[in-house]
Amino acid sequence: MADTGKRDRGSLRIDTDECKGCGLCVEACPPKVIHLSDELNHYGYPTATYVGAGCTGCGICFLACPEPGAITVLRLAHAGSSAAKAEMSEGVGR
Amino acid sequence: MSDEVEMQYELAQSRSKTFYANFDRKDELQHQTHYCPGCGHGIIHKMVARAIDELGIQNRTILISPVGCSVFAYYYFDVGNVQAAHGRAPAVGTAVKRSRPGSIVVSYQGDGDLSAIGSAEILHAANRGENISVIFVNNAIYSMTGGQVAPTTLLGQWSTTTPGGRKAENEGYPLHVSELLGALEAPVYIERAGLGDNKQIAQAYRAVRKALENQVRGLGFSLVEILSPCPTIWKMSAVDAQHWVRDVMEKTFPLGVIRDRTKEAQPRKMPEAAVSTSEIPQLLGIEHEGPAESHAAPFVRPKTTNLQVRVAGFGGQGVLLLGEVLAEAGLDAGLEVSWLPSYGPEMRSGTSNCHVRLSDEAIDSPLVVRPDVLVAMNEPSLHKFYESVRPGGWVLYNGDAMPEGCDRSDLQVLARPFMQIANQLGDRRAGNMVMLGALLECTGALSQETIDKALGRMVKNAKWLELDKRALAQGRELLRESLKEVCHEG
Ligand SMILES: Cc1ncc(C[n+]2csc(CCOP(=O)(O)OP(=O)(O)O)c2C)c(N)n1
Ligand code: SF4
Ligand code: SF4
Ligand code: SF4
């Protein structure tokens, strides 16, 4: 991810071996930062890909995905502050 | 310190620890489920797993999986698992919950399973207010079997058995199970949710969690119906199927809470655990009576019995009957027995085999993997099971001599043309009884009287009974002679 000095609130990891390319995460993502790649994985499915920026960490793609571990959602938090992850505000990351 | 250092990413949503790390159903693809891309079952599995994580109940959860596409749920959830016969999950769940009151029982069922073949079980479990949580996955069709109409299929919906669309005159109306159950007195919580869009998915998760939480609190019967896409049978893309849930299915099955008494409900009294078997005679007031008539005769067991037999041959050679006589006689002798005919793909090539166990102690599994005695009525059966025989065990083979390659030195062998010998006695079909006679002789397992008694019950025709008895005696004789030969040679 290009370091623009401004960090996104969320980030995404996709296990392309587990993804079946159904596209439900693409549909679910509010800021539309997931797309299906043209490349096929080992099993012949096109796989979900994070565009690399803009994830808010909302987690809805995780809930919408049928595979147990295809998607992992990360959220930005202040080190040492667990309240930060629950109460993520617009200001975080600035 | 700069912001970059102070701030870091942490896990917000990740694989539930309630799932096994590997799904060892198959040798490969151990990280994927077996569900089709976009299948609602996967999404709902994740909801159940997450709720279990959040409630901290993994160690006491017992999942009852159904028959249907989700039959393999036990490969995914690292909790206690029971796989129930089609539709019986709420009854099985009742038994599990009552015998283990501390467990959290989740009955996971499809709409065919729950609303068709299992309509009685769910109705009565709900009516009893069983303290279990039911996750009812409604995809409006029988998916696993290829798309037959279900009670929940929408009017006009295509299925293989309603190719012109479901018609009320032919198949009735879509069954509203949740509303039906909502008419009962006992249920504490019933809600219908869907997987049609983000909002519905979030609501579905809250409902799943609540259904489990109610059970943790001991409140009683909770059911969540979830309208769930089946892209494969509906013949839609995953995204179109999701939209269909929201735009079409929901019109027939409106979402929302149908019953919620969680606020006022009091924790139910836990059922008492079942009494132990030894207490039963006292409860029935029969502790001073002797054993029932059929077991009255005192039997003396010469030694402990733990006999495992595999019988194999072509259909028509009397494979299953041989096993049955052995098992029946074992019962008469007061032993624990099991008799398991094996119907595998080999059935199609005309061969059959069965597993028989006789034991003084309770039998853990009816499968015989390492037989003490192999009765092989033809060469393919011999080759198939030869290597499985326990060292020191016996092989009784219907042939003049052991074929090439069957030369283990740790086995005892009797190879005779048993069927021909039976033919000389009167009918080749008594060959199985000649072999049984040899088996009885080499194992010393059962007395001739018990065998005669069982045989008398099973073979009604007097002529056959007489022939079978001679065949048994001949088999015993063949084995005794073979032992003598060995002594002479030695
Ligand atoms: C006693 C019995 N009858 C019939 C079947 C065949 N059968 C297997 S799955 C199934 C229907 C499953 O439909 P559903 O419960 O809706 O689950 P889905 O596959 O849609 O998830 C049927 C009829 C069976 N296995 N056992
Ligand atoms: S967490 Fe939310 S914003 Fe980020 S990719 Fe998933 S759905 Fe999109
Ligand atoms: S929802 Fe899951 S399986 Fe489907 S495309 Fe996205 S990551 Fe892959
Ligand atoms: S057939 Fe339908 S219900 Fe079965 S796994 Fe595939 S999508 Fe899921």
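The values are calculated or read from the model by the stated rules, or taken from the named source; none is laboratory data. Everything quoted here is computed from the prediction, not taken from an experiment. Reconstructed Cβ throughout: ideal geometry from the backbone, glycine too, with neighbour counts over all protein chains shown. These accessible areas exclude ligands, DNA and RNA; they are computed on the full protein's heavy atoms, side chains included. Shrake-Rupley method; radii C 1.70, N 1.55, O 1.52, S 1.80 Å.
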Enumeration of residues in segment B:313-348 that are modelled with pLDDT under 90 and more than 25 Å from the chain's Cα centre (by Cα): B:Gly313, B:Phe314, B:Gly315, B:Gly316, B:Gln317, B:Gly318
Residues of segment B:22-42 satisfying the condition of being within 16 Å of ligand 1 (Cβ to nearest atom) and open to solvent by 20 Å² or more (accessible area, probe 1.4 Å): B:His34, B:Cys36, B:Pro37
Output for segment B:147-164, where each listed residue is assigned to a loop (DSSP other than H, G, I, E, B) and either modelled with pLDDT under 95 or touching a strand residue (DSSP E or B) at 6+ places or on another chain (Cβ under 6 Å) (or both): B:Gly147, B:Val149, B:Ala150, B:Thr152, B:Thr153, B:Thr160, B:Thr161
Residues of segment A:13-56 satisfying the condition of being polar (S, T, N, Q) and more than 13 Å from chain B (Cβ to nearest Cβ): A:Ser37, A:Thr49
Filter result for B:Thr145 (more than 22 Å from B:Tyr35 (Cβ to Cβ) and open to solvent by 50 Å² or more (accessible area, probe 1.4 Å)): no
Criterion violated by B:Leu446 - all others in (1) out of contact with any Gly (no Cβ under 7 Å at 6 or more places or on another chain); (2) open to solvent by 10 Å² or more (accessible area, probe 1.4 Å) satisfied: (1)
Residue under evaluation B:Pro90, criteria (1) under 19 Å from the mean Cα position of the chain (by Cα); (2) at pLDDT below 95, criterion not met: (2)
So B:Thr94, is it in contact with a helix residue (DSSP H, G or I) (Cβ under 7 Å, 6 or more places away or on another chain) and crowded, with 24+ Cβ neighbours inside 10 Å: no
All positions within segment B:161-204 that are within 12 Å of chain A (Cβ to nearest Cβ) and open to solvent by 20 Å² or more (accessible area, probe 1.4 Å): B:Asp197, B:Asn198, B:Lys199, B:Ala202, B:Gln203
Test: B:Val459 is buried (at least 21 other Cβ atoms within 10 Å of the Cβ), in contact with a Leu (Cβ under 7 Å, 6 or more places away or on another chain) and closer than 24 Å to B:Leu358 by Cα: no
Tally, over segment B:66-91, of residues that are out of contact with any Phe, Trp or Tyr (no Cβ under 8 Å at 6 or more places or on another chain), within 12 Å of ligand 1 (Cβ to nearest atom), without any contact (Cβ under 8 Å) to a residue 24 or more places away in the chain and open to solvent by 30 Å² or more (accessible area, probe 1.4 Å): 1
Residue list for segment B:136-155, filter: within 15 Å of B:Lys167 (Cα to Cα) and of a type in the set (A, V, I, L, M, F, W, C): B:Ala140, B:Ile141, B:Val149, B:Ala150, B:Leu154, B:Leu155
Hits in segment B:118-136 - residues which are under 25 Å from B:Pro174 (Cα atoms) and either open to solvent by less than 10 Å² (accessible area, probe 1.4 Å) or assigned to a strand (DSSP E or B) (or both): B:Gly118, B:Ile122, B:Ala125, B:Ala126, B:Gly129, B:Ser133, B:Val134, B:Ile135, B:Phe136
Of all residues making up segment B:225-276, the number that are within 16 Å of ligand 3 (Cβ to nearest atom) and open to solvent by 40 Å² or more (accessible area, probe 1.4 Å): 5
Residue that is farthest from B:Leu223 (Cα to Cα) [pool: residues in segment B:244-275 that are aliphatic (A, V, I, L, M) and assigned to a helix (DSSP H, G or I)]: B:Val248
Strands (runs of 3 or more DSSP E) fully within segment B:14-117 counting 2 or more residues that are within 11 Å of chain A (Cβ to nearest Cβ): none
Pairs with Cβ under 8 Å, 6+ apart, first in segment B:407-424 and within 15 Å of B:Val395 (Cβ to Cβ) and assigned by TED's automatic domain parsing to the domain that holds B:Pro391, second in a strand (DSSP E or B) and of a type in the set (Ser, Thr, Tyr): B:Val413/B:Tyr397; B:Leu414/B:Tyr397; B:Ala415/B:Tyr397; B:Arg416/B:Tyr397
Flag if B:Pro151 is more than 29 Å from the chain's Cα centre (by Cα) and farther than 13 Å from B:Leu223 by Cβ: no
Answer residue from segment A:20-59, given it is hydrophobic (A, V, I, L, M, F, W, C) and farther than 15 Å from B:Val239 by Cα and is nearest to ligand 1 (Cβ to nearest atom) among those: A:Leu40
